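Read through the structure below, which is laid out as C-alpha cells, and then see the notes.
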Protein chains: 2
Amino acid sequence: TQSSHRLLAYSDALIAIIATVMILPVAHTKFQENEVKQELKESIQSLLTTKVSVYLMTFLIVTVAWAAHVRLFQVIERIDDTLALLNLACMMLITFLPYTFSLMAAFPGSVLGLTFFCACVIVIGLIQSYVLLAIVIFLPYISLSIKWIWNKAVGDSGQVEDTDPVLFYNYLPSEPLSKERVEAFSDGVYAIVATLLILDICEDNVPDPFVVKKEFNGSLLSALLNYGPEYLAYFGSFATVGLLWFTHHSLFLHVTKATRLMGLFNTFSLAFVGGLPLVYQLTNEFPRGSRNELEAVQISCVIIFFAGLFQLAIWIVGLFNERETLHPYVRYGGREHAFMLAKLSLYPCVALGTFFSTCVLSRFSAPIFHMMEIGVPFAFLLLRLLVRAGLALLRRL
Amino acid sequence: TQSSHRLLAYSDALIAIIATVMILPVAHTKFQENEVKQELKESIQSLLTTKVSVYLMTFLIVTVAWAAHVRLFQVIERIDDTLALLNLACMMLITFLPYTFSLMAAFPGSVLGLTFFCACVIVIGLIQSYVLLAIVIFLPYISLSIKWIWNKAVGDSGQVEDTDPVLFYNYLPSEPLSKERVEAFSDGVYAIVATLLILDICEDNVPDPFVVKKEFNGSLLSALLNYGPEYLAYFGSFATVGLLWFTHHSLFLHVTKATRLMGLFNTFSLAFVGGLPLVYQLTNEFPRGSRNELEAVQISCVIIFFAGLFQLAIWIVGLFNERETLHPYVRYGGREHAFMLAKLSLYPCVALGTFFSTCVLSRFSAPIFHMMEIGVPFAFLLLRLLVRAGLALLRRL
Ligand SMILES: [K+]
Ligand SMILES: [K+]
Ligand SMILES: [K+]
Ligand SMILES: [K+]
Ligand SMILES: [K+]
Ligand SMILES: [K+]
Ligand SMILES: [K+]
C-alpha cells in the first residue's frame, strides 16, 4: 500500500544516512601543517589503519541490518501505528551502531565498547525478530481465537467463514531483495553524499566580512577568487556523484530483479561512492603541484574507478542471469545492450585513463582530474551518437 | 513511469537538502565563553537578525524553485537521458542559491552578492523554461515535420496516422501540486534534519583515547557518563523528528489532493522542522539551571509548537474542502476523524503545556523538556484507546 511504501522509503533513506555517516570523521581529519609538509603517504597510512576500516566495517554492518529490515518488511503486509512507531525506535537504535562501533575501534582494550556494540546488535535483532514472531506466528492464531470467542459470545455460529490464516504474512526467505528498496537505499546513499558536499560548500566558503575588509581592502571579488579552486572541486565532485547516480538509475531501469550477488556488488559500489566526500576534501587540501596533491588525485581516481567498476559488475552478473534479471530489450544482443555497456564502462575507463595520465604528467595532476570530472557529462551526451556510429560501422565491415 | 518516479524522488530529496542546509550556520554558531555568561537574549537577538532570517528566506526561495520544478515535471510525460542530465545541472545550480543568498546577506553593501544571486535565479529559470519551451511548444511540431519529411522520402503516403500532437505534454497550470511530490519533498526535509542530528552525535561524541587516559584515569565509562545529557538530548530530538514525520505521514495518508494553501502550510511546518537541529544545539549548550537554559528550552517549545500547529492547520484546511481533499472515512464525523484530530493536536498541546510548566518550574526546565520529548511516543500509543473511551463516554451522555 501507499502507507507502507512511504514508511519503507523513509526508513531506507535513514539507514543509508547511518551507513554513510562514518566517512565524515575520515574526510574531516585535520592534516596538521607540519604533516602536510611531510609526504601524504604517512598520513594516508594512519588514516587507513583505523578510520577507513571503521567506515567500511560500519557500512557493511549497517547494510546487513538494512537487508534484515527488507526481509522483515517483505513478510509484513500491513503496517499499523504501533509497527510504525516500533520501526522508528529501531531506526534510532541503528543510529547507534556506527557510534558504538567507532567506540569499539577507538578503545580496543576496553570491554565496554564491545559490550555496547553487541548490546546494540542484540536489541535491534530482538525488535526485528519480535515483530517477525508477533506477525508470522502469533497473529493468525490470536485473530482466529478472537473470532472463535466472538462467535461463541454472539452465538451466531452459522456465519463462520473459512478465513485464510495466512492472510497476514507471506514468508519467502529465498525471494531476492525487492528492487524498489535497493533503489531507495541507493538513492539515500547518493543523497547523503551530495548533502555532505553541499554542507561543506555552504558552511565554510562564505568569507568573513571582517577578513574581507582587512585583507582584501573590502573587495569581495578578490576574496571570492581565493576560493576558485574549491568551487571547481565542488562542481567536479557534484557532477561525479550526479553521474554515478545517473548510471545507477539507467542500470536499474533495465533490471527486473536483483539477485543476491547483484545486491552485494551494489553495496560495494555504494561503499566507494560514500568515499567521494573524502575525495573532495583530499583534492582540496594540498598545495598545487606538490607530491601530496598527485597522490590525493590518484586516490580519487581509484575510488571513482571502483565505484564505476562494481556498477559494471552488477550489469555483467545481470547478463549472466539475463532471463531472470533483465528486460528483454537489453539482453545480450538486444536493442540497448551495447549502449548500456558503453555507459557503464565510461567511468572505469576514464578514471583509469586519468590515473595513468597523472602518472605521466605529474605536475598537472589536479587540472587533469578536474577537467575529467567536468568533461564526463558531455561524454555521456556524445556516447549515444558514438555507439550508433560504431554499430553502423561494424555492420558495414 | 518508474524512470521519472525515481528521478523526481531523488530531485525532491536534493532540493529538500538544499532548502534546509542553511540552518547549519545558525545551529553551529559558537557562543563564546563570555557570551554564555551574559544573558542568552542578546546572542539570540544577534542570531535572529541575520542568520535565522537568511535560513527562512532561503528555505522559502528554494521551496519556490521546487514548486516550479514540480509544475515543470507535471507537464513533461517522458524523461530521456538529455533531460535527466539537464535536471542534474539544474540541481547543481539550485545548490548555489543558499550560498549566493548568504553572500548577499553577509555583504549587503556589495553589488556582487546581489548580482550572483540574481544570475543564479535567472539561469535556473532559463534552464527550466528552456525545457518547458522545448517540450511544450516545439517538440510536437518537430516530430510532425519529421514525420512529414519521412513520409515524403519513403513515399508511403497511405500510412499517415492521425497522431495526436498533444501526446508529449499535458499542461494544466491550475492543477494542485502532486501529492506524491509533496510527500517526497517533506521526507527529504525530515531526512536531512535527522542527518544533521546523526552527524552531530557521531562526529563529536567519541572521546579521544588520549584525553580518557589523562583525565579519567583510563576509565571509558566515566568519560562516557560525561556525555550523558547529550545522549538524552539526542534521543529526545530524534524522537521528536521521528514523531513529527509520523504525524505528517498519518495526515497525508488520508489526503487525496493538496490545495495551494495546504502546500503553503506544509512549507511553513517544514521550515520549523528544519529548526530542530538548532533546538538540539541550544538545549545542549548551556549549564544546568541557568537562565540561558530556560530560554533555550522555551525557544525549543515554540519551534515544536509551530511545527505541529501548521500540520494541524493543513488538516483543518483539508476539512474545509473535504470533498476534494480527503478520503471519505476521515471527513467530518467519519470513522477516523476524531482520532486524527487528537493525533495532530497532541504536539501543539504538549509543547504549550511544557512551555508554561517551564515558566512556573523554571529551575527544572531541561529535565521537563526531555521528559516531554521522550514521553510523547507513549502518548501516541495511548491516544487511540483514550479517543475510543472518550467517544464511548460521549455517546453514553
Ligand atoms: K526514497
Ligand atoms: K531518498
Ligand atoms: K539525505
Ligand atoms: K569547504
Ligand atoms: K524521497
Ligand atoms: K533523503
Ligand atoms: K555533539
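The values are calculated or read from the model by the stated rules, or taken from the named source; none is laboratory data. Predicted model only: the values in this text are computed from it and were never measured. For neighbour counting, all protein chains shown are included, and Cβ atoms are generated from backbone atoms with ideal geometry for every residue, glycine included. Remember, those area values only see protein heavy atoms, side chains included, never the ligands or the DNA or RNA. Shrake-Rupley method; radii C 1.70, N 1.55, O 1.52, S 1.80 Å.
Please list B:Ser237, B:Ser222 in order of solvent-accessible area, largest first, computed with a 1.4 Å probe with all protein chains present. Before the final figure, lay out the partial values.
On the way: B:Ser237 10, B:Ser222 45 Å².
Ranked from most to least accessible, the order is B:Ser222, B:Ser237.
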Practice problem: For region A:141-146, just list the computed ³J(HN,Hα) in residue order, Karplus coefficients 6.51, -1.76 and 1.60, θ = phi - 60°, integers in Hz, with x standing in for Gly and Pro. | Solution: 5, 4, 5, 5, 5, 4
Quiz item: With labels modelled as points extended 7 Å from the Cα through the Cβ direction, what inter-label distance (nm, one decimal) is found for A:Lys152 paired with A:Asn217?
Solution: 9.6 nm
Quiz item: Could you give, in nm with one decimal, how far B:Glu322 is from each other copy of that position, shortest first, with labels 7 Å out from Cα toward Cβ?
Solution: 5.7
Quiz item: In Å, what is the Rg of the alpha-carbon atoms in region A:184-294, and how long is Dmax?
Solution: 18.4, 62
Self-check item: Nearest-first distances (nm) between copies at A:Val123, label 7 Å from Cα via Cβ
Solution: 4.8
Self-check item: Table column - 3J(HN,Hα) (Hz), region B:384-392, Karplus curve with 6.51, -1.76, 1.60, x for Gly and Pro
Solution: 4, 4, 4, 5, 4, 4, x, 5, 4
Quiz prompt | Peptide B:376-384 - average C-beta neighbours from other chains (10 Å radius) | solution = 2
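Give me the dipole magnitude in Debye, nearest 20, for region A:310-397 about the Cα centre, with unit charges on the beta carbon: positive for Lys and Arg, negative for Asp and Glu.
On the way: 9 positive and 4 negative charges, 74 e Å.
Roughly 360 debye for region A:310-397.
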Exercise. Report the label-to-label distance for A:Glu324 and A:Arg363 in nanometres (one decimal), using points 7 Å from each Cα along the Cα→Cβ vector.
Key: 5.6 nm
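Other chains near B:194-204: what is the mean number of their Cβ atoms within 10 Å of each residue's Cβ? The partial results should precede the final answer.
Details: counts 8, 13, 3, 2, 12, 7, 0, 5, 11, 7, 1.
Mean shielding by partner chains, rounded to a whole number: 6.
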Practice problem: List the distances, in nm to one decimal, from the label point of B:Ser4 to the label points of the same position in every other copy, shortest first, placing each label point 7 Å from Cα along the Cα-to-Cβ direction. | Solution: 2.8
Practice problem: Could you tell me the accessible area of A:Lys147 in Å² (1.4 Å probe, neighbours in place), rounded to the nearest ten? | Solution: 90 Å²
Quiz item: Taking the simple approach of a point 7 Å from Cα along Cα-to-Cβ for both B:Val302 and B:Leu391, what is their distance in nm?
Solution: 3.8 nm
Exercise. Provide the solvent-accessible area of A:Val121, counting protein heavy atoms only and rolling a 1.4 Å probe, rounded to the nearest 10 Å².
Key: 70 Å²
Quiz prompt | Built amide H within the under 5 Å cut-off of B:Ala258, gap 5+ | solution = B:Lys179
Self-check item: Rounded to whole Å, sorted largest first: equivalent-ellipsoid semi-axes of region B:330-397, Cα gyration tensor
Solution: 29, 12, 11
Quiz item: What list of ³J(HN,Hα) values in whole Hz, one per residue of region A:102-117 in order, does the Karplus curve 6.51 cos²θ - 1.76 cosθ + 1.60 (θ = phi - 60°) give from phi, with Gly and Pro shown as x?
Solution: 6, 4, 4, 6, 6, 10, x, x, 7, 6, 4, x, 4, 4, 4, 4
Practice problem: Ignoring everything but the protein chains, give the 1.4 Å probe accessible area of A:Thr256 in square angstrom, nearest 10. | Solution: 60 Å²
Self-check item: Contact surface B-A: accessible area buried, both sides summed, square angstrom, 1.4 angstrom probe
Solution: 6500 Å²
Exercise. Scan chain A for the residue whose Cβ is closest to the axis carrying it onto chain B, then write down that distance in whole angstrom.
Key: A:Thr195, 3
Exercise. Using DSSP to define loop residues, name the trypsin sites (Lys or Arg not before Pro) in region B:266-346 whose beta-carbon has at most 12 other beta-carbon atoms within 10 Å.
Key: B:Arg288, B:Arg335
